[in-house]
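Below you'll find the structure, written out as structure tokens, and then a few comments.
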Amino acid sequence: MTEQQKVHPVSDDFAANAWIDKEKYQALYRQSVDDPEGFWADQARRIDWIKTPTRIKHTSFDSHNVDIRWFEDGSLNASANCLDRHLETRGDQTAIIWEGDDPNDAKHITYRELHARTCQLANALKELGIGKGDVVTLYMPMIPEAAVAMLACARIGAVHSVVFGGFSPDAVAQRVVGAKSRLVITADESVRGGKHVPLKDNVDAGLTRPGTEVAEKVLVVKRTGGEVDWKEGRDVWYHELVDKQSTDCPAEEMNAEDPLFILYTSGSTGAPKGLKHTTGGYLTYASLTHQYIFDYQDGEVYWCTADVGWVTGHSYIVYGPLANGATTLMFEGVPSYPTHGRMGEIVDKHGVNILYTAPTAIRALMAHGDSVMDSSQRDSLRLLGSVGEPINPEAWEWFYRVIGNSRCPIVDTWWQTETGGILISPLAGAVDLKPGSATLPFFGVIPGLVDNEGNLLEGATEGNLVILDSWPGQARTIWGDHDRFIQTYFSTYKGMYFTGDGCRRDEDGYYWITGRVDDVLNVSGHRMGTAEIESSLVAHEAVAEAAVVGFPHDIKGQGIYIYVTLTEGVESSDELKKELTQWVRKDIGPIASPDVIQWAPGLPKTRSGKIMRRILRKIAANECDGLGDTSTLADPSVVEELIEHRAIR
Ligand code: 6R9
């Protein structure tokens, strides 16, 4: 039997205690698609509403008028749902376990403390003049203050826009300008793998760019005590302003469709786009998926290894778990520090029951052999999860056997920044697992596969993954650019949400995501647009033209392969390669570091001047035999030249 055919059936023991078993899954899924209004009206009761919604679903994917509203006459506050409503029943329970980069650094924060700290920051934000509808940019380490900042914004109706702490000053600037953000919250430095990253310096550098004057204040958490420059009148120490505030702050009443946050993500063209998520539908969906997909049981310790800078951190470190009164673990560091056994050691130290991580992390550990897990037992684990990119069956089996001691089901969860929460995933008590498949849709989700003309395909087949109707967690628009939202997601295939992913469906109706079919790369689970990297490169004076493609990479999933045509008169050299590598790292961030740069005297183009990426992808993957039809090329000899000088790995 090949790995792909292997099935791990639902364990009876697991199903007996799970929230959802086979029967319940079938019945609820049916109801969710036959009667979405009734289903979601029921599910919305998990949330504390100030005004209970009566209008449940008002959604249209019509490309002339994309309009998505859920629970639109309801009102609530997300922070009150994550904090206040737990105070009576679980005020003294740990809400956040914080594990520092240094293994000797850890903290437990109860719901009562988290509530108090959130109120204090919320009051401080008000003192800084921030109120309902204002956008606050967070550029923070993985410290509890990051969650506090998100919740404090939500409490007063401000909209947070989190920028991943690994991004560059320019990325911060771009997002501050794009969202007209009035305040930036950051820290002096972050600490990862023993190294310090100068977050405040990066903010300072970013805020020299034109248009960033909108950011009137910068609130700075003292994390390391490292030296920082100070701009009087603009910069404020977090502890000086926040510690003196009252621990009481009423939660603002928000309409269900008021924005909760913006999160920027990469697409196939142009600059990153800020997806807008709203309050009622997002929170309902994050909370429901967290409970059922991770089968979260009261009192368990749950750990998602993502960063709050990504959507996974929003939905499954902060909002989903806290809305459910869970104990959520937040890890500041990296899984390889101080040793490769760290992940397992954290599981033992805090008695983690549910571990949600990424294939790239699993493959990195796997490369060190089974013995990397010798320093831990991991007996507390009950369920494992994977997210961010397709998980290859070998990595799946290793995750299952070595990390999970062959005891724990794995949920391979497919979703996107745009979807707000998980759309395709097994429920471990209900769905037999096939390594490498995200299996079946969650409640209310109707996936479809279409050919390139947009015809819906039936049965076992392969095609482009679309979603046929709305779900409450869906992004409502691109901040400030609804036309781009429609153009990007609803015009390729009329009347359907296009995910950008390719997918196969097997004879059991299981979905197997095959990866992006657009010009988006997925490097170590991080999304990146080839266009972003290209526009960074051509801004360098030595570069006349650049084309970026992905290639298969053992650990990262995809690596970044760059073809560069130099400006007339510029000599190629290894130094120049290093310089271009640094250029991109500085411009976008270290996650965009090129793996391979190849000098290209010319790029393969059609007669109309379009770069034929298909050919560049093949050459990068060392698949030079099956290049397919090159007859439409303006100059086919370019291809020979590129093959001859390709970077052999
Ligand atoms: C949550 C998140 C979204 C893209 C998505 C797809 C890939 C995510 C996956 C997966 C296969 C999975 N992706 N989960 N591919 N199997 N379980 O990662 O959001 O950063 O927006 O990336 O990631 O290609 O389109 P985001």
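Since every read-out is calculated from the coordinates, none of them should be taken as a lab result. Being a predicted model, the structure only gives us computed values, none of them experimental. Cβ sites come from the backbone with ideal geometry, for glycine too, and all protein chains shown count toward neighbours.
Summarising the amide proton neighbourhood of V523: residues at separation of 5 or more, or on other chains, whose placed amide H is nearer than 5 Å comprise M528. Calculated FRET efficiency, E571 to E240, Cβ-Cβ distance, R0 = 51 Å: about 0.40 to the nearest 0.05. The lysines within cross-link reach of K349, meaning a Cα-to-Cα straight distance under 22 Å and a gap of 8 or more places when in the same chain, are K107.
The trypsin sites (Lys or Arg not before Pro) of the stretch 190-291 meeting both criteria, a DSSP state outside H, G, I, E and B (loop) and at most 12 other C-beta atoms within 10 angstrom of the site's C-beta, are K231, K244. Residue by residue, the stretch 340-357 carries 3J(HN,Hα) couplings of 6, x, 3, 4, x, 5, 5, 4, 5, 4, 10, x, 5, 9, 10, 10, 10, 9 Hz when phi is fed to the Karplus relation 6.51 cos²θ - 1.76 cosθ + 1.60 (θ = phi - 60°); x denotes Gly or Pro. Please report Rg over Rh for the stretch 104-255, where both radii come from the alpha carbon positions and Rh follows the Kirkwood definition. With Rg and the Kirkwood Rh in hand, the quotient comes to 0.95. For G495, nonlocal amide neighbours, meaning residues 5 or more places apart or on other chains whose placed amide H falls under 5 Å from its own, are S63.
Spin-label model, K349/D483: points 7 Å from Cα along the beta carbon direction are separated by 5.2 nm.
Qualifying trypsin sites (Lys or Arg not before Pro) in the stretch 19-70, where qualification requires a DSSP coil assignment and no more than 14 other C-beta atoms within 10 Å, comprise R55. Between the amide H of T278 and those of L260, R476, distances stay under 5 Å, these residues lying 5 or more places away or on another chain, with hydrogens modeled in the peptide plane.
Counted by neighbouring Cβ atoms within 10 Å, the residues R90, R614 run from fewest to most as R614, R90.
Determine the relative contact order of the chain: mean sequence separation of Cα pairs under 8 Å and six or more apart, normalised by residue count, in whole percent.
Reported relative contact order: 13 percent.
In this calculation the C-beta distance from K107 to S380 is compared with R0 = 25 Å, giving a FRET efficiency of 0.80.
To the nearest 0.05, what FRET efficiency results for D67 and R407 with a Förster distance of 35 Å applied to their C-beta separation?
Values: r = 46 Å, r/R0 = 1.33.
Calculated value: 0.15.
What is the fewest-to-most order of E397, E145, E216, E458 by other Cβ atoms lying within 10 Å of their Cβ?
Details: E397 19, E145 24, E216 14, E458 9.
Ordered from fewest to most neighbouring Cβ atoms within 10 Å, E397, E145, E216, E458 come out as E458, E216, E397, E145.
Within the same chain, lysines fewer than 8 places from K6 are excluded, and of the rest, those with a Cα less than 18 Å from its Cα are K434. Percent of Cα pairs in the stretch 303-403 per distance bin of 5 Å, from zero to the largest separation: 2, 13, 24, 27, 21, 10, 3, 0. The modelled label-to-label distance between N452 and R209, using points 7 Å beyond Cα along the C-beta direction, is 3.5 nm. With contacts taken as Cα pairs under 8 Å at a separation of at least 6 residues, the stretch 104-255 carries a relative contact order of 27 percent.
What ranking, highest mean first, results for peptides 353-359, 449-455 when packing means the other Cβ atoms within 10 Å averaged over each residue?
Values: 353-359: 24.3, 449-455: 13.3.
Put in order of decreasing packing, that is 353-359, 449-455.
Judged by the mean number of other Cβ atoms found within 10 Å, the most tightly packed of the peptides 529-540, 363-374 leads the ranking 529-540, 363-374. Where in the stretch 203-223 is the amide nitrogen less than 18 Å from a point lying 7 Å along the Cα-to-Cβ axis of K195? Label zone hits: 203. For the chain, the dipole from Cβ point charges (+1 on Lys and Arg, -1 on Asp and Glu) about the Cα centre works out to 640 debye, to the nearest 20.
One quarter of the convex hull surface built on the alpha carbon atoms of the stretch 524-645 amounts to 7.7 nm², the projected area averaged over directions. Cross-link candidates for K231: which lysines have Cα within less than 28 Å, leaving aside residues fewer than 8 places away along the same chain? Leaving aside lysines fewer than 8 places away in the same chain, those within reach of K231 are K126, K132, K180, K195, K200, K217, K222, K244, K586.
Listing L456, L633, L381 from the residue with the fewest other Cβ atoms within 10 Å to the one with the most, what is the order? Show your work: numbers first, answer last.
Working: L456 13, L633 16, L381 21.
Exposure proxy ranking, most exposed first: L456, L633, L381.
Our coupling estimate for the stretch 587-593, obtained by passing each phi through the Karplus curve with A = 6.51, B = -1.76, C = 1.60 and θ = phi - 60°, is 6, 9, x, x, 5, 9, 4 Hz, Gly and Pro reported as x.
In µm²/s, what is D for the chain at 37 °C and 0.692 mPa s, where D = kT/(6 pi eta Rh) by Stokes-Einstein and Rh is the Kirkwood radius from Cα pairs?
Values: Rh = 25.5 Å.
Value of D from the Cα-based Kirkwood radius: 129 µm²/s.
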